[in-house]
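The values are calculated or read from the model by the stated rules, or taken from the named source; none is laboratory data. None of the values given here were measured: they were computed from a predicted structure. Glycine also receives a Cβ, built like all others from the backbone with ideal geometry; neighbour counts cover every protein chain displayed. For the accessible areas, the whole protein counts, side chains as well, though only heavy atoms, and no ligand, DNA or RNA atoms are used. Shrake-Rupley method; radii C 1.70, N 1.55, O 1.52, S 1.80 Å.
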Amino acid sequence: MTESGPGPGQEPTRREFFRRFAGDLVASAAQLSKVVGELRDESAAEARSLLADGGLLPITDASTVPAAPPSATSAATSEAPAPGEARPATGFRTPFRMLDDDTLLLIDQRRLPDVLVEVPVKNAAETAAAIRDMVVRGAPAIGQVAAIGLALSARSMRLAQPYARRAVLETGAEVLRGARPTAINLGGAVDRLMARSASFGELSEDGAGFAAALWDEAMAIVAEATDAGGRMAELGLELLPRPAGRPLEILTHCNTGPLAAGQFGTALGVVQAAHFAERPIHVWVDETRPYLQGARLTTWELAQAGVDHTLLPDGAAASLLAAGRVDAILVGADRVAANGDTGNKVGTYPLAVLAARHGVPFYVVAPTSSIDQGTPDGSAIPIEERSADEVVTVRGIRIAPAGTKVFNPAFDVTPAELVTAIVTERGILRPPYREAIAAAMAGSEASARSPRPREA
Ligand code: MRU
């Protein structure tokens, strides 16, 4: 993989991609409330502005261009920036886009917030490497990107012999599935593409038709994820307390915004919807040791969206809750088991324990693509263990003696009994979760209950 900025001759294709993407957003808008509709418009306008004139995202010289400075405004603009001038940043962006028919560009999230650069990938193997190396992360985002990567492999093999094409696809699917083990969105997206492949006829002579079918499936996954994000933002907004005479105080962990999910985000989508609804809101952002998704990414996204926020070390959350300074905790999920046990970024479980101790509602915001009924409970959620380097170094600087033994699980499991509600695109799920999840996954709309100002 190499870093890349777009070439001047590639604008039409990128524009087309975003138009289609914006079109998906617009198509889903009818069912959304006014607030989420506005949020969607911002998102679509942002996507268009990115293409119109080589705005914020396309950075041709990564080494010299810093990531966009945070702005207090979220309004997208279609005016071209003056030469050398950075476009005012806005919220709601997708972490990936097409450069041309054969190349997917991923924002390199490892390098945020220092520089905004994109990494091109052209097939399933390169996409898997980007997921494994954390170029792109966040459960819904890696599902969408994996689907596109696999569809690109099918496209690149459209003139090959059917047997060769099938071998490449099966290998690509396996590599993608193994890239990260915890988020079910990844395996789920790959399974969907492989099912489409099987139904089309894996040995079909029509390589172009086969590739088109897989591309359609990948685009459906992206569109559904986008729709789900908007719907969760709308439903989550109903849940949020409305304290009189002061801002709502939300605590969040890891990064659950557009970078992690595309366009809206999960937990951070709810926060941004509240902000767009002009509800006074302040967000406490856990730094999220050791990978610092909160410090590096959530602060960056909230600053762009103009949401007031404060960064804190993970260990400081306890005293914040003890002092009664948090109204609700919002987190995402990488895998929700059939009984509601929730696998999410390491450090989520301690927050749920604290929330129960201090009578603060603890909400999980996750699309149904993050729910796995094949995982009966939290003990069956595979927890990724990551390298010791992430713990003994901070951004390249060693902080512990060489040879120190390290325990570095990337996720933990919050027992369902500590979860106040799970916000999905199909409704707000309440205990008992096994039944609520089964109903939601069967497609029935879970009943969204009226907001409760403060609940344990
Ligand atoms: O290791 P990461 O950064 O991929 O972990 C991401 C999270 O844990 C998020 O909270 C999760 O994916 C859910 S919301 C996007």
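A compact table of results
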item	result
Search result, residues across the range 260-273 that are out of contact with any Pro (no Cβ under 9 Å at 6 or more places or on another chain), more than 10 Å from the ligand (Cβ to nearest atom) and either outside any loop (DSSP other than H, G, I, E, B) or closer than 21 Å to Phe411 by Cβ (or both)	Val270, Val271, Ala273
The range 123-182 - residue that is hydroxyl-bearing (Ser, Thr, Tyr) and free of Cβ contacts under 8 Å to residues at least 60 places away in the same chain and, of those, farthest from Thr266 (Cα to Cα)	Tyr163
Odd one out for Glu385 among (1) within 16 Å of the ligand (Cβ to nearest atom); (2) farther than 19 Å from Thr182 by Cβ; (3) acidic (Asp, Glu)	(2)
Subset tally (residues that are in contact with a helix residue (DSSP H, G or I) (Cβ under 8 Å, 6 or more places away or on another chain), open to solvent by 50 Å² or more (accessible area, probe 1.4 Å) and away from the ligand (no atom under 16 Å from the Cβ)) for the range 172-195	2
Boolean, Val391 is over 18 Å from Leu429 (Cα atoms), in contact (Cβ under 8 Å) with a residue 60 or more places away in the chain, of a type in the set (Val, Ile, Thr) and open to solvent by 60 Å² or more (accessible area, probe 1.4 Å)	no
Filtered residue count, the range 99-123, keeping only those that are in a loop (DSSP other than H, G, I, E, B), under 24 Å from Ala213 (Cα atoms) and within 16 Å of the ligand (Cβ to nearest atom)	0
Any hit, the range 257-267, residues being over 28 Å from Arg386 (Cβ atoms) and not basic (Lys, Arg)	no
Filter result (at pLDDT 95 or above and crowded, with 18+ Cβ neighbours inside 10 Å) within the range 108-121	Asp108, Gln109, Val119, Pro120, Val121
Verdict on Ala233 being of a type in the set (A, V, I, L, M), over 21 Å from Phe411 (Cβ atoms), open to solvent by 20 Å² or more (accessible area, probe 1.4 Å) and under 21 Å from the mean Cα position of the chain (by Cα)	no
Total residues in the range 124-152, condition surrounded by fewer than 24 Cβ atoms within 10 Å (Cβ to Cβ), within 12 Å of the ligand (Cβ to nearest atom) and part of a helix (DSSP H, G or I)	1
Some residue of the range 211-225 being open to solvent by 10 Å² or more (accessible area, probe 1.4 Å), touching a Ser or Thr at 6+ places or on another chain (Cβ under 6 Å) and part of a helix (DSSP H, G or I)	no
Subset of the range 168-192 [of a type in the set (A, V, I, L, M, F, W, C) and in a loop (DSSP other than H, G, I, E, B)]	Ala179, Ala183
Where Ala244 falls short, out of the listed (1) assigned to a helix (DSSP H, G or I); (2) away from the ligand (no atom under 15 Å from the Cβ); (3) within 30 Å of Ala322 (Cα to Cα); (4) modelled with pLDDT of 95 or more	(1)
Residue ranges of strands (runs of 3 or more DSSP E) in the range 279-384 with at least 1 members open to solvent by 50 Å² or more (accessible area, probe 1.4 Å) and out of contact with any Leu (no Cβ under 6 Å at 6 or more places or on another chain)	308-312
Qualifying positions in the range 407-448 - of a type in the set (Ser, Thr, Tyr) and at pLDDT below 95	Ser444, Ser447
Residue match in the range 252-259 (condition: more than 10 Å from the chain's Cα centre (by Cα), at positive phi, within 15 Å of the ligand (Cβ to nearest atom) and not in a helix (DSSP H, G or I))	yes
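Residues checked against (1) touching a strand residue (DSSP E or B) at 6+ places or on another chain (Cβ under 6 Å); (2) among the small types (Gly, Ala, Ser):
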| residue | (1), (2) |
| --- | --- |
| Val119 | yes, no |
| Glu126 | no, no |
| Arg132 | no, no |
| Arg137 | no, no |
| Ala146 | no, yes |
